[in-house]
Structures are given as structure tokens and as C-alpha cells.
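S.K.: Take a look at this one; I'll ask things after.
The values are calculated or read from the model by the stated rules, or taken from the named source; none is laboratory data. All of these numbers come straight from a predicted model, not from anything done at the bench. Cβ coordinates were reconstructed from backbone atoms using ideal geometry, including for glycine residues, and neighbour counts include every protein chain displayed. Just the protein is used for accessible areas: all its heavy atoms, side chains included, with ligands, DNA and RNA removed. Shrake-Rupley method; radii C 1.70, N 1.55, O 1.52, S 1.80 Å.
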Amino acid sequence: MTINYSQKYRPHLHFAPKKNWMNDPNGLVYFEGEYHLFFQYNPEDSIWGPMHWGHAVSKDMIKWTELDIALYPDELGNIFSGSAVVDWNNTTGFFPNKPGLVLIFTHHLDGSEEIPPKQSQSLAFSHDNGRTWTKYQGNPVLEHENKSDFRDPKVFWHKETDKWVMVLATGQTISIYSSQNLIDWKFESEFGDNIGVHDGVWECPDLFQLKVENSEETKWVLFVSVGDNPQFEAGSRTQYFIGSFDGSKFTADDESYNWLDFGKDNYAGVSFSDIPKEDGRRIYLGWMSNWQYANQVPTEGWRSQMTLPRELSLRKNGEIYKVIQKPVKELDSYFSYKENIQNVIGIGDGWKEYKINKSYLELVLNIERLNATRFGIILHHTEEHFTKITFDSTENTVVLDRKSSGVIDFSESFSYRQAVKIGNVNNIQLHVVIDSSSIELFVNEGEYALTSLIYPDKPCEYISIFAVDGKIKISNSHVSTPFKQEQAKCTV
Ligand code: FRU
């Protein structure tokens, strides 16, 4: 049998480019029935290189159609990350006839020994739903005389003050600018001194309002990605702050920051612009990789994929607000077969196995810890390869161990510990989505996310549930697959 290596590890539920290199999601926007996903793209190679903007569209954010490259490098530089908006009221003057899309992106010019690199913000617009693009003649629209990290503009319309607002990554801070027309920008404020994690360069900010679950209260949330620094184990990851925004200044409620994801593979996440009011969701997706090893992952001819699109909300526990994330409901229609896992009581030290062997699957488990010290699930990708998810009651942690998950030898940091401390492990709701080369774990209705790449020969032959030193009780749980699986095989 010949294996088509370019297809090995290719995801079913996640966006990946047909060929060559991809990193950050860019310009996420909804317009006239289509979700647009642009992305950092090197069309020449499957490692990072001269950046372009690749482009894909979708009706449901799961199944994507890749279109032609949207933005090519020019004399102002390569095309780094940025965002997209719909200019509904022709504030730019680009749309005399009907509203259309504007891309706001960073032009990056490499430096030399004498000259530092130059980053500036530029515009491009489209009159045909993003199929062709015209760069604005007056580019760049925003420069800085001495900041060489000056990138990743995320723009939104701030209706309370009737203007566009841009959040921009400026080294170890986020700068906020405003504009009436996307062309002339005014500096408003800077956030980041003495707050948050500064282990790496700040990148890819996003600022938006979220509703608190079961309440009318809203808060502003600022996402800030933190670049890889070889001195630290975690690699690149995304932190967030909760606070208020008055159209000019973001003020964090307190000194605290949070991590958006406790797995290693969710970076540079930003949210969709212009999702219709009637829908009302705030949805984001991230780049499912880590700068520690992104250029080495063992795919052939293509590299990188995005996380699932996830709906965001806020949960308030006492005085603490937390960002909650759940895969969008559009995912449900990809799982037509559901098998209940019911009332498994008193597993003890034994094992319960469910045969799967499908190209992707979803698992929803409600687990009550009766007296087990440790418990969890093992995803057996093949007879040799497995990933273990363990809940530990002595530390109140969830740990995802991918040391035996398949190919791991391309980077030492790929097997570093992925864990999160949670309140307690006595009553756990667990939602796991497993695709050809990824596991996305959501604990307690989206309160903790843990996103992790894996490179096994097959996604999942069977799963087993285990409990150590005691019992657990499982109720109201199921495994979902794209079509019927063989009869569940119980081998207790
Ligand atoms: C984040 C990032 C951005 C930059 C882009 C370049 O992963 O470093 O700050 O715009 O990637 O590809």
C-alpha cells in the first residue's frame, strides 16, 4: 500500500492549507453569508518564510474552501498579521456603491546590520466579497519612528464613540489608536506596563466585549499572545485581561492575568468581526501550533492547522471572571452517530474499553469521583500509541500526556508536561474532540481548554476509561462519531 504522505495527519474538522506553510489566523470576518479566514502563508515552502495572506471561506467555519492568495509582498515589505472589517458606512471612501471588506495588515520590511526592521500598517479593499484585492495607494497608513515591533492591528468599530479602534502589538505593550476613516490614525493609550506576562514579545492582540453567562453584565476582554522565549518551557501562548474600555483606554479590573489555553498548541487567536447582531456570538480561533516546534512538525508538503472555532463567554465565580470557550454549535452536524456511555459505576482498577476506529470523534463524559485518587481516559490511537488524560485528586489537576502519542522526536519540548490546576476533580464535565492530529480538551463546560497536537498513525482505535485506587461514576455521557461504530466492546 502506498501512503500519500501529504495526506498523513491531515485534519477532517480543522482548517489546514492544501500545501506549504501557515501560521496565525488573520482577517477573520463574516460578510454576506460567508466566514472569511485569512492566514499567514508562505506559498514557496512548508517552513516560515516571506509572508503572504492566504485565504479561505466557509459557510459554517468547519468546512473551508481555499481561495487564491489575497495579499502578496510589495516594496513596503512582507504581509504580517492583521484583521478585516466591513466598512458599512463607507467611512474610507472605498465603497461608493455598496459596503465591502477592508483588510488592515502589517507591512514588514526586513532590517540589515545597520537598519532595524520596519513595521507599518496598511490597507487593502475588495469590491467582490474578497475574491480580488486592491492595496490602498496611500499605504502605509500608520508608522512609528522608532518602534521596530509595531504590528498585528486588530480593528473594530466602537459605536459608543463613533470611531474605529485599533489595538496594536508594540513590543512589551499594546497600543490603542483610533480613526474616523481607517486612514488617519490617532494614538490613544498604551497598556501593559507592570502587568501580565512579559516572557516574550507581545503579539496579536484582540479587544472585545463579552457577556457574563446568565446575566446582563458585560466586560471588556483583551487577548495578548506572548511569543516564544527559549528560556521558558511553555513556548508561545496567549494571556488575557478583563476590564473596561472607554473608547480610548483599556483598564484592567486588577493585576491578574489568565491563560486562554493550558495546552501547548493554541496561539495568536483572534475573533471574527461583523458576526450579525441576530447571531450575537463572539467566536475566535487560534493557530494550533507553538513557535517552539512549528517548523519541525512531521507533516509533509503542508504545515499547521487552526483550532476549532470556539464561542466565547464569561463566567463569574465570586468576584472572579473567567473566559469560557466551547466549540461552535456548527460542529454538531459533523457527528451523526452517538453512543451513550451509561452508568458505569465502580470501575475500580479495571478498564473499560470502547472501540472507535473512525477518522474523528467527540467524547462527552460526566464523571463523579467516588473515591478514586486518579482517573481518566486513554485514547488508544493504535496498539502502541496512546494519549493519556488524567485527573488527579491529590493535586486537583488535569494532565494531558502525549509522550507515547506517536511521532514526538522532532522536538524535545513537544513532550513537556501539559496540565492545569482546577478547583477540584470531584465532579468533572469533560468534552474532547479528537481529529487526525489533534486533541482539544474542554473541562467543566468550557472553563479550561487544553489544546494539543499529536502525530499518531491513526486518530483513535479505541478509548479506555480508568480509575486508580477506588471508583468513579459515569453518567449522562456519550461518544460521537461521523457514522455508526461497531458495537461497543466492554472488556472489564
Ligand atoms: C505571531 C507573529 C506575528 C507576526 C506574524 C508573522 O505568530 O509573530 O506577530 O505578524 O507571526 O508571521
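S.K.: Quote the relative contact order of the stretch 362-492 in percent (integer), defining contacts as alpha-carbon pairs under 8 Å separated by 6+ residues.
M.R.: Reported as a whole number, the value is 36 percent.
S.K.: How big is the stretch 1-136 in terms of Cα radius of gyration and Dmax, in angstroms?
M.R.: Reported Rg and Dmax, both Å: 16.4, 58.
S.K.: Which three extents, in whole angstrom, do the alpha-carbon atoms of the chain cover along their principal axes, largest first?
M.R.: Cα extents, longest axis first: 70, 57, 47 Å.
S.K.: Could you grab the relative contact order for the chain? Cα pairs under 8 Å, six or more apart, rounded to a whole percent.
M.R.: Normalised by residue count, the contact order of the chain is 14 percent.
S.K.: Could you tell me which chymotrypsin sites (Phe, Trp or Tyr not before Pro) in the stretch 378-450 are loop residues by DSSP with no more than 14 other beta carbons within 10 angstrom of their beta carbon?
M.R.: Loop-located and lightly packed - F410.
S.K.: With a 1.4 Å probe and all protein chains kept in place, how much accessible area does S393 have, in Å² rounded to the nearest 10?
M.R.: Accessible surface of S393 is approximately 30 Å².
S.K.: Among residues other than H107 whose Cβ falls under 10 Å from its Cβ, what is the net charge (Lys/Arg +1, Asp/Glu -1)?
M.R.: Neighbour charge sum, excluding H107 itself: 0.
S.K.: In whole percent, how big is the carbon plus sulfur part of the accessible area of the stretch 335-488, probe 1.4 Å, protein atoms only?
M.R.: The value for the stretch 335-488 is 42 percent carbon and sulfur by accessible area.
S.K.: What base-10 log of the normalised intensity I(q)/I(0) is obtained for the stretch 335-488 from the Debye formula, alpha carbons as equal point scatterers, at q = 0.10 Å⁻¹?
M.R.: Listed by q, the Debye log ratios stand at -0.32.
S.K.: Would you please classify the overall shape of the stretch 253-312 from the alpha carbon gyration tensor, given that a ≥ b ≥ c denote the square roots of the eigenvalues, rounded means a/c under 1.5, and beyond that prolate means a/b larger than b/c while oblate covers the rest?
M.R.: oblate
S.K.: For the stretch 23-150, what is the charge dipole size about the Cα centre, in debye to the nearest 20, if Lys and Arg each add +1 at the Cβ and Asp and Glu each add -1 at the Cβ?
M.R.: Once rounded to the nearest 20, the dipole reads 520 debye.
S.K.: To continue, here is another question. Show me the GluC sites (Glu not before Pro) within the stretch 432-481 that DSSP assigns to loop and that have at most 15 other Cβ atoms within 10 Å of their Cβ.
M.R.: E445
S.K.: At a Förster radius of 60 Å, what calculated FRET efficiency corresponds to the Cβ-Cβ distance of L67 and I320, to the nearest 0.05?
M.R.: The computed FRET efficiency comes out at 0.90.
S.K.: Place a +1 charge on the Cβ of each Lys and Arg in the stretch 1-76 and a -1 charge on the Cβ of each Asp and Glu, then give the dipole magnitude about the Cα centre in debye, rounded to the nearest 20.
M.R.: Charge dipole of the stretch 1-76: 540 debye, to the nearest 20.
S.K.: Are there chymotrypsin sites (Phe, Trp or Tyr not before Pro) in the stretch 20-123 that DSSP marks as loop and that have at most 13 other Cβ atoms within 10 Å, and which are they?
M.R.: W88
S.K.: So, one more: Set Lys and Arg Cβ to +1 and Asp and Glu Cβ to -1, take the dipole of the stretch 335-488 about its Cα centre, and tell me which of T394, C460, S404 lies farthest positive.
M.R.: My answer, from the dipole projection, is T394.
S.K.: In nanometres, what is the gap between the two model label sites at N258 and T373, each 7 Å from Cα along Cα-to-Cβ?
M.R.: Label at N258, label at T373, 3.2 nm between them.
S.K.: Within 15 Å, Cβ to Cβ, of N181, how many net charges do the neighbouring residues add up to if Lys/Arg are +1 and Asp/Glu are -1?
M.R.: Taking every other residue near N181 into account, the sum is -1.
S.K.: So, one more: Positive end of the dipole of the stretch 335-488, charges at C-beta (+1 Lys, Arg; -1 Asp, Glu), about the Cα centre: which of L365, Y416, N476 has its Cα farthest in that direction?
M.R.: Most positive-ward Cα: N476.
S.K.: Tally Lys/Arg at +1 and Asp/Glu at -1 over every other residue whose Cβ is under 14 Å from the Cβ of H14; what's the total?
M.R.: Surrounding charge for H14 is -2.
S.K.: Just tell me which lysines come within less than 25 Å, Cα to Cα, of K471; anything on the same chain fewer than 8 places away is out.
M.R.: Leaving aside lysines fewer than 8 places away in the same chain, those within reach of K471 are K352, K355, K388, K421, K489.
S.K.: With the other protein chains left in place, how much accessible area per residue, in square angstrom, belongs to the chain at a 1.4 angstrom probe?
M.R.: 41
S.K.: Using only the alpha carbons of the stretch 224-375, determine the length spanned along each of the three principal axes and report them from longest to shortest in whole angstroms.
M.R.: Extents along the principal axes: 57, 47, 39 Å.
S.K.: What is the stretch 302-429's relative contact order, in percent, from Cα pairs under 8 angstrom and six or more apart in sequence?
M.R.: 17
S.K.: Students often get this wrong: which residues of the stretch 48-83 have the backbone nitrogen under 20 Å from the point 7 angstrom along Cα-to-C-beta of I275?
M.R.: Under 20 Å, as judged by backbone N against the label point of I275, lie 56-65, 82-83 of the stretch 48-83.
S.K.: Relative to the Cα centre, what is the charge dipole magnitude of the chain, using +1 at the beta carbon of each Lys and Arg, -1 at the beta carbon of each Asp and Glu, and rounding to the nearest 20 debye?
M.R.: Using only the charged Cβ atoms, the result is roughly 1500 debye.
S.K.: Could I ask something else about it? Holding the Cα-Cα limit at 22 Å, pick out from K264/K473; K118/K249; K147/K249 the pairs that are longer than that.
M.R.: With Cα atoms farther than 22 Å apart: K264/K473; K118/K249.
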